[in-house]
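For reference, the structure discussed in these notes is given below.
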Amino acid sequence: MRMVFRWFGTGNDTVSLAQIRQIPGVEGIVWALHHLPAGEVWPLEEIMKVKEEADAFGLHLEVVESVNVHEDIKLGRPSRDRYIENYKQTIEHLAKVGVKTICYNFMPVFDWVRTDLHKELPDGSTAMFYEKQKIDKIDPKELINKINENPNFTMPGWEPERLAHLSKLFESYRGVTEEHLLENLKYFLDEIIPVAERYGIRMALHPDDPPWSIFGLPRIVGTHDQLRRILQLVDSPYHGLTLCTGSLGANPQNDLAAMIREFADRIPFVHIRNIRRYDNGDFIETSHRVTDGSIDIPGVVRALHEVNFQGYARPDHGRQIWDEECRPGYGLYDRALGIMYLWGIWDSLQRS
């Protein structure tokens, strides 16, 4: 297991590379050019700037999260070919700085959904919260305003410029079924995977978050059977998954350890976080400790150890603790605590 840490870039993150380097066992950053709209080619000179920054602190750039997929690709519009060609060029540029894994998603319109970014937990910390009843009733535009109410910390996947034409986006997806979306994913993969193979970069599809339909939009990456079907679309080790315990774990029917054991050779990247599920469909993110949530984190790490997992792992969203001012879910303190919890489990398995 190779530990990495998500970083949003100089001037866009409260956590510094100097701090990341001090977390035991962290060898690289999970990064992206967040200011670029989906569909644009990532310029090599901008990529090289990030490499220079990371090199100065002995951190690698082997994992990118994410090269966003343009909505025209998801919708299967004629213009998708132009955006796919841009994607291929970006893969070529990323290979020049040693990138080995690209995490991406195929979620229509919204990358992820929460109703509260600062829900208070009993210990006084705050965390991101999903309230099912609110989602069932809220206007998506109202949700966008809520997510982006703090202009200092734009949330990945909720960039205001990307969602500025929300009504048109929803209209575009009218009549698009899960089968249509799956067909469009296959078209994308058929084009992209040969290029990824050529440059030695593994594509790692992130699950839907949460793993069910919201606002009537189709979603196809949320269950064991769906993951299996998606991996069968293209038979290549370069077509893989980002196994996210928080996303998939929101559905109590998902057996995360079983997924790891079945798809082991197709998982180059894992996101490990804990959530507490409630019977009414709500869930809140918690510390990584198993007793704080509903996810069997030791069981997940044990399954990774059993399959001799040698890919990348990162602690996913943390709580905001100790009065830290940071992007919700992406502070230093709780994610660093999470890393040490994960290493503790891993090290105990190694010794036994």
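Assorted remarks:
- Considering only Asn145, Ala38, Val64, and ranking their Cα positions along the charge dipole of the chain that arises from unit charges at the beta-carbon of Lys, Arg, Asp and Glu, the one farthest toward the positive end is Val64.
- The residue list His317, Gln253, Ser236 was ranked by how far each Cα lies along the charge dipole of the range 2-351 toward its positive end, using unit charges on Cβ atoms, and Ser236 comes out on top.
- Remark: the range 67-116 carries a charge dipole of roughly 140 debye about the Cα centre, counting +1 on each Lys and Arg Cβ and -1 on each Asp and Glu Cβ.
- Share, in percent, of DSSP beta bridges within the chain that are antiparallel, nearest 5: 25
- By the helix-only formula, in which each DSSP H run with n ≥ 4 contributes -39500 (n - 2.57) and the sum is divided by residues, the chain has a 222 nm mean residue ellipticity of -11000 deg cm²/dmol.
- Straight-line cross-link reach from Lys137 at under 29 Å between alpha-carbon atoms covers these lysines, not counting any fewer than eight positions away in the same chain: Lys74, Lys119, Lys146, Lys168.
- Dipole magnitude of the chain, debye to nearest 20 (Cβ charges: Lys/Arg +1, Asp/Glu -1, about Cα centre): 380
- Taking Ser125, Ser16 and counting other C-beta atoms within 10 Å, the order from fewest to most: Ser16, Ser125
- Sorted by Cβ neighbour density within 10 Å, fewest at the top, the residues Lys88, Lys141: Lys141, Lys88
- Matching the structure-derived Rg and Dmax of the Cα atoms in Å against the labelled list [x] 22.1, 80; [y] 19.9, 59; [z] 18.9, 56 gives the label [z].
- Each Cα pair under 8 Å and six or more residues apart adds its separation to the average, and for the range 2-351 the resulting relative contact order is 17 percent.
- Candidate cross-link partners of Lys96 among the lysines, defined by an alpha-carbon separation under 16 Å and a same-chain spacing of 8 or more, comprise Lys49, Lys51, Lys88.
- Packing-based exposure ordering (other Cβ within 10 Å, fewest first) of His60, His288: His60, His288
None of the figures in this text is laboratory data; all of them are computed from the coordinates on show. Since this is a predicted model, take the numbers as computed values, not measurements. No Cβ is skipped: glycine too gets one built from the backbone with ideal geometry, and neighbour counts run over all protein chains shown.
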